[in-house]
2 protein chains.
Amino acid sequence: MTGLSFRTVARSGEARAAVLTTPHGEVPTPTFMPVGTQGSVKTLRPSEVAATGARIVLGNTYHLWLRPGPEVVADMGGLHAFTRWPHAMLTDSGGFQAFSLAERRKSTEDGFVFRSHLDGSKRELSPEIAMRVQGQLGADIAMQLDVCPPGDASKADVEKACRTTTRWARRCLASKRHDQALFGIVQGGTDPSLRKLHAEELGALPFDGLALGGFSVGEPIMRMHEVLSEVAPMLDAARPRYLMGVGTPYDLVRAIGCGIDMFDCVLPTRNARNGQALLRTGRVVIKQARYKTDPLPLDPTCACPTCSEGYSRAYLRHLYLAGEILVLRLITAHNLHLYGQLVREAREAILQDRYVEFSRRWLSDLAGGELESTA
Amino acid sequence: MTGLSFRTVARSGEARAAVLTTPHGEVPTPTFMPVGTQGSVKTLRPSEVAATGARIVLGNTYHLWLRPGPEVVADMGGLHAFTRWPHAMLTDSGGFQAFSLAERRKSTEDGFVFRSHLDGSKRELSPEIAMRVQGQLGADIAMQLDVCPPGDASKADVEKACRTTTRWARRCLASKRHDQALFGIVQGGTDPSLRKLHAEELGALPFDGLALGGFSVGEPIMRMHEVLSEVAPMLDAARPRYLMGVGTPYDLVRAIGCGIDMFDCVLPTRNARNGQALLRTGRVVIKQARYKTDPLPLDPTCACPTCSEGYSRAYLRHLYLAGEILVLRLITAHNLHLYGQLVREAREAILQDRYVEFSRRWLSDLAGGELESTA
C-alpha cells in the first residue's frame, strides 16, 4: 500500500546492509540523507546531490509548511515534482523545528502551539495536522509527531515525552495517508530501560520503520554511543532503523556498527557554507592563511568533482574570502561526497563481513578530528 | 607572438561573422563574454558557463589585483589554471573600477591614484602597472589603461580623455608582455568626429583589437546606437571590435548590425541575482505573486538546463523568497544561455546573409521590453 519494503541482504556483527524500496526507487542502506530544508539541498541541483551517491533526501515540514505552504506544493504535484528530485524522499514531522525555531511555543496534549518565525502568525501542530501537511507534501516516508526532550531532561520528563509520543503515534497512524509510509520515533533519552520500553511500545504498532529521536541533543557524545549500542539492536530488525539528526562521520561509523540504517544531519552542508571541508583525516578551514597559495585540492585522495577538477585550496580560499557563491557549492558537493563514500564503503564492508576492520580504519583515519558532538 | 588571430568568414551588411583564434581555443564571433569579476562567473562552474555557449570570459583586473593579488594568481599558474576556465579570457585594465569603486581616487598624467575599497590601502595604477598586473594574471587578451569620461562630460574633457588615452596606449604597448594580446580603447563620447579621430589614432598602433569605451555611461541609449552606427565601421575591419560594458539583448542585436564582434556586460548575471530572468519577449521578475503556482518554466521555448529540466516559476519564486542560493544559479544559467543563443543565432544569420531579417525578428520579439539603458 505504501510502496515501501525493506530487505536485509547481509550482516556483519550488528551492522546490516539492506535495500529500502520506495515508490521513487531503491535506497541501498546504510544511507545518509542530505537535508533539503526548504525544498533544496542548499546550493546544489538535484543531479549534483544524486552524484554524491544520495538516493534519499530529507525535507523539513516546518519550513515548507510556513513557506511556500503545503497547498502550493500539492498544487505543483508534490515535493518530488516541485523540487525535481527523482529519488526517494522523507519529511520530518515539523515538531522539532516548531519547538526549536518558532516563537512563543508551548506544548499541549494535542501538539504544539507556536508563532511562525517568519511572520508571527499563530499555528497549531497536532498529530493530525502533521499528517495532513506531510500528506500534502507527498514524500515517500512521513514521520510521526513526537516530543523530543532536551539532553538534560529529568527522568520524569523523559518518561512523559515517551507516553505522549506513543499517544501521538497512534493518532498519526490513524490519520495518515494510506499510500504514504510512516515511521515511529522512539524516545527515552540516555536511559536504556526507558528506550527499551518505548521501542517495544512503538514496535508493536504498524509503522514502516522506527527512528531514534532525542539523541545528539546536548548529551555527551560518548554517552550517546554507549546507549546506542544497547538500544539500536532492540529495534525490530525487520524494519529500517533511522537515527535522527546524527551526525559526524565518526558518529555514522559507530552507529552503523550498532545496526542503524538511515541518517540525516545538516553538518556536511552547513559546515560547507561556513567554509569547512570535511576530510577523512580532519578538516580544512578554508579561510586560513596557510592555504593562500596551496595548490592541492581539498583532499588529494577524493574523487568528488571539486577535488578531481583541480580547484585548489588557494582558489577556494580566494572565493570564500571574496564572498563568491561558487565556493559554497564546491565545498557542499565535496562534504556530501565524503558522506556518500562513507556509507558506500560501509555497505561494501558489511557485504564482505568485515565491518569491524572497516570501522577500525575509518576511526583511525578520523583520529579524533570528528569526535565532537553534532549538537 | 601573441597567439591571436582574427579571420572574418562572412558579412551581412555591416555585421560580420569571424573566428578569433587565441592560445585557449577559437572564439566564434559575434561573442558575448560573461563577466567573472573576482575569478568566478558568479554562482557558476566553468563547465556551466561553457554550456551557455561562451568561449571567452572577462576578468576584472581591479578586483583580482586587490584580492587575492596578482602574485597569488601568477603563483598558481595564471588565471586560467587558478579558475579552471579552459577557454579564452580577457582582462580589463582595472581603470574603470579604480575610478568607479575605489575611494579618494584622482587622475594624474601617469594614471590613477586611489585607495582600495577593501582595506583603504593606497594604490597607483599607471599604464605600466596595468600591463604588469594583467601580465601576471595571464589572460589571452589584455586591455590598455584608458580614461573613460562620463556621459555628460564636456567636449573639452572628452578630447582630453582621448589625448591621455592615446599617450597611455603607447606606454601600454611598450610595456606589455610580448606573448599577450592587447586591445586599444577608442574614446570620444557621443561625438562622431572625435570618435573618428581617436579611432584613426589608435588604429595606427599595433593593437591586436580595438575596443569602444565610454558608451553606456549615462548617455541616452538611442544616442549611443546612432553614434555606434557611424563609429563601428570606422574601426579597422581586419581586427576584432569590442564594445565594452554593453549591454541588453536589444543593444547586442543593434551593435552586431553595426559591425561589433565582442561584448561584455554584468546585466545577465547581476539581474539573475536580483531575481530577474531575461526572456526574448521581456522579463520574469520571479518574486511576483503572479508566479506563486505557475507551473511553467521561465521560458517554455528555452532549451537551457533550468527551463528544460522542469523547474517551475512557482519553485523558483519559492527558492528566491526563501533565500536559497540554488535559484541564483538557475536564473544565471538561464540568462547567460539567452545571450549565448542570441550571438549564436546572430552568427548563423550573418553566415546566411540575412542579418536584417534576424535583427527585425529579435527587435520585434523584444518589443521594447529591453529598451532601457544598461548604465
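The values are calculated or read from the model by the stated rules, or taken from the named source; none is laboratory data. Just so we're clear, the structure is a prediction, and the values are computed from it rather than from any experiment. For neighbour counting, all protein chains shown are included, and Cβ atoms are generated from backbone atoms with ideal geometry for every residue, glycine included. In case anyone asks, the SASA skips ligands and DNA or RNA and just uses the protein heavy atoms, side chains included. Shrake-Rupley method; radii C 1.70, N 1.55, O 1.52, S 1.80 Å.
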Are any residues in segment A:43-62 more than 12 Å from every other protein chain (Cβ to nearest Cβ), part of a loop (DSSP other than H, G, I, E, B) and either open to solvent by less than 20 Å² (accessible area, probe 1.4 Å) or aromatic (F, W, Y) (or both), and if so, which ones?
A:T52, A:A54
Could you tell me whether segment B:327-340 includes any residue that is within 14 Å of another protein chain (Cβ to nearest Cβ), among the aromatic types (F, W, Y) and part of a helix (DSSP H, G or I)?
no
Quick one: in segment B:296-309, which of the residues that are of a type outside the set (S, T, Y) and within 21 Å of B:A50 (Cα to Cα) is surrounded by the most Cβ atoms within 10 Å (Cβ to Cβ)?
B:L298
Which one is farthest from A:A181 (Cα to Cα) among residues in segment A:240-264 that are open to solvent by 10 Å² or more (accessible area, probe 1.4 Å), touching a Ser or Thr at 6+ places or on another chain (Cβ under 6 Å) and part of a loop (DSSP other than H, G, I, E, B)?
A:C258
From the options B:R123, B:R104, B:R115, B:R163, residue that is touching a residue at least 24 places away in the same chain (Cβ under 8 Å) and more than 14 Å from every other protein chain (Cβ to nearest Cβ)
B:R123
Suppose the filter is assigned to a loop (DSSP other than H, G, I, E, B), within 14 Å of another protein chain (Cβ to nearest Cβ) and out of contact with any Ser or Thr (no Cβ under 6 Å at 6 or more places or on another chain); does A:W65 pass it?
no
Restricted to segment B:272-295, and to residues that are within 11 Å of another protein chain (Cβ to nearest Cβ) and open to solvent by 50 Å² or more (accessible area, probe 1.4 Å), which residue is farthest from the chain's Cα centre (by Cα)?
B:T293
Considering residues that are open to solvent by 30 Å² or more (accessible area, probe 1.4 Å), of a type in the set (K, R) and either under 22 Å from A:V35 (Cα atoms) or in contact with a Phe, Trp or Tyr (Cβ under 7 Å, 6 or more places away or on another chain) (or both), the number found within segment A:314-359 is 3
If you take the residues in segment A:71-82 that are touching a residue at least 40 places away in the same chain (Cβ under 8 Å) and not in a loop (DSSP other than H, G, I, E, B), which one is nearest to the other protein chains (Cβ to nearest Cβ)?
A:F82
Suppose we keep only residues that are modelled with pLDDT of 95 or more and assigned to a loop (DSSP other than H, G, I, E, B) within segment A:216-239. Which one would you say is least open to solvent (accessible area, probe 1.4 Å)?
A:L235
Within segment B:130-152, which residues are within 18 Å of B:T165 (Cβ to Cβ) and either among the aromatic types (F, W, Y) or crowded, with 20+ Cβ neighbours inside 10 Å (or both)?
B:A130, B:M131, B:Q134, B:I141, B:A142, B:M143, B:Q144, B:L145, B:D146, B:V147, B:C148, B:P149
Pairs where the first residue, in segment B:52-70, is closer than 19 Å to B:P28 by Cα and the second is open to solvent by 30 Å² or more (accessible area, probe 1.4 Å) and assigned to a helix (DSSP H, G or I), C-beta under 8 Å, 6+ apart
B:G53/B:Q341; B:G53/B:R344
